[in-house]
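The values are calculated or read from the model by the stated rules, or taken from the named source; none is laboratory data. Values in this document were obtained by computation on a predicted structure and should not be read as measured data. Please note: Cβ atoms are built from the backbone with ideal geometry, for glycine as well, and neighbour counts cover all protein chains shown. When the accessible area is computed, the model is the full protein with side chains, heavy atoms only, and any ligands, DNA or RNA have been set aside. Shrake-Rupley method; radii C 1.70, N 1.55, O 1.52, S 1.80 Å.
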Amino acid sequence: MADRVLVTGGTGKTGRLVADGLVRRGIDARIATRQPTSAGQVRFDWADETTHDAALDGVSSVYLVAPTDRVDHLAVMRPFLERAVSHVPGRLVLLSASSLDRNGPMMGEVHGWLDAHVSRWTALRPSWFMQNLTTQHLPSILEDGCIYSATEDGRVPFIDAADIAAVAVAALCDPMLASGDHVLTGPEALSYDEVASAITKVMGRPVRHCRLTAQELAARYTALGLPRDYAATLAGMDEAIATGGEDRTTGVVEQITGRPATTLASFLAGQRAVLGGAGCRSNMKPSDRSGTGFRAE
């Protein structure tokens with residue numbers, strides 16, 4: 001059982017849910033953030049090695065969320081990982097992505113490093129977050145009635161961030177779980193046409209899937225403020241979806257947590273106020289997905 005867990009990305013989409021889940025189990029969750037504002041938070045910056053030792057002090061396990069909007073994850077994370085190997089007796093749990101194989105790009109490199117250097121580790125590889133529909137896609141849904149993608153007719157088994165967090169908490173708290181990686185999905189693979197139809201039913205007004213080429217999508221991301229190389233990588237992930245790269249489901253969420261994964265219909269039903277425009281900012285920048293999208297938190 002973990003006694004104190006360092007949660008990097010602790011104020012993000014999965015990190016805050018992981019921290020909450022740990023606290024419900026009576027476990028001390030230390031939230032790592034660049035700007036701590038309350039008790040239980042510690043200053044942490046992947047690129048500032050002077051923050052690493054204090055963050056790791058007394059920690060028994062770590063939830064790892066990679067820095068965002070970049071592709072050189074192992075290079076920036078390695079100094080902290082090397083410290084963690086010598087300081088942390090328990091498990092390191094990495095949030096990666098279903099599209100990123102071990103030793104592949106981005107978090108795939110980190111996954112490979114953990115396999116080679118850490119005795120107890122877990123790599124969570126979720127598909128695309130359902131929350132993307134109420135964050136990165138929300139402005140275009142509300143303003144244009146469109147979800148923009150280069151996925152064509154490809155299908156995605158969207159997953160609720162709460163399900164990812166539940167699996168992460170279980171992995172952090174189970175000393176008997178074998179080291180390895182787990183592909184996490186929702187219960188059904190859907191095309192963006194089907195997703196747009198489901199959102200239309202909840203909103204009561206038309207939403208459609210607006211199809212772009214990968215080059216057009218990369219240009220859109222760049223215009224929204226993402227670095228050019230990161231924008232191109234994300235657009236390439238859409239191309240992989242178009243050719244079937246995400247078209248599968250797994251039962252891992254239920255196997256590890258004991259409850260079924262959330263359906264998209266159930267998730268959207270709980271987001272009626274958001275989809276109605278509450279709290280939307282028209283200048284919202286892309287900010288999410290698990291390893292296969294935007295912000296991996």
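The figures follow:
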quantity: Distance (nanometres) between label positions extended 7 Å along Cα→Cβ at A39 and T222; calculated: 5.0 nm
quantity: Relative contact order (percent, whole number), region 185-251, Cα cutoff 8 Å, 6+ residue spacing; calculated: 41 percent
quantity: Spin-label pair R4/V71, simplified geometry with 7 Å Cα→Cβ offset, distance in nm; calculated: 3.9 nm
quantity: Cα-centred dipole magnitude for region 122-178, charges only on beta-carbon of K, R (+1) and D, E (-1), debye, nearest 20; calculated: 200 debye
quantity: Region 114-204: Cα Rg divided by the 2.2 N^0.38 Å rule of thumb; calculated: 1.36
quantity: Over region 207-260: Rg over Rh, Cα atoms, Kirkwood Rh; calculated: 1.18
quantity: Candidates S266, S179, S127, ranked by Gaussian network fluctuation over the chain, Cα under 10 Å, top entry; calculated: S266
quantity: For region 1-141, radius of gyration divided by Kirkwood radius, i.e. Rg to Rh on alpha-carbons; calculated: 0.96
quantity: FRET efficiency, E194 to N103 (Cβ-Cβ, R0 25 Å, nearest 0.05); calculated: 0.15
quantity: D153 accessible area, 1.4 Å probe, all protein chains in place, Å² to nearest 10; calculated: 100 Å²
quantity: Sequence-separation-based contact order of the chain, relative, with Cα cut under 8 Å and 6+ spacing, percent; calculated: 22 percent
quantity: Per residue value of the accessible surface for the chain (all protein chains in place, 1.4 Å probe), Å²; calculated: 41 Å²
quantity: Charge tally in the Cβ shell below 12 Å around A261, where Lys, Arg are +1 and Asp, Glu are -1, A261 excluded; calculated: -3
quantity: Kirkwood Rh and Cα Rg combined as Rg over Rh, evaluated for region 63-188; calculated: 1.02
quantity: Among beta bridges that DSSP assigns inside the chain, antiparallel share in %, nearest 5; calculated: 5 percent
quantity: Highest-MSF residue in the chain out of V42, V93, V76 [GNM, Cα springs under 10 Å]; calculated: V76
quantity: Within region 63-212: Cβ-based charge dipole about Cα centre, in debye rounded to nearest 20 (Lys, Arg +1; Asp, Glu -1); calculated: 240 debye
quantity: Rg/Rg_ref, region 136-254, where Rg_ref = 2.2 N^0.38 Å and atoms are Cα; calculated: 1.22
quantity: Accessible carbon and sulfur surface of the chain relative to its total accessible area, %, 1.4 Å; calculated: 47 percent
quantity: Cβ-based charge dipole, the chain, positive-most Cα from I241, V71, L268; calculated: L268
quantity: Selected from D163, D115, D57 as most flexible by GNM, with the chain as the system and alpha-carbon contacts under 10 Å; calculated: D57
quantity: Alpha carbon centroid spacing (whole Å) that separates region 258-277 from region 1-76; calculated: 27 Å
quantity: Region 1-58: relative contact order as a whole-number percent, Cα under 8 Å and 6+ apart; calculated: 28 percent
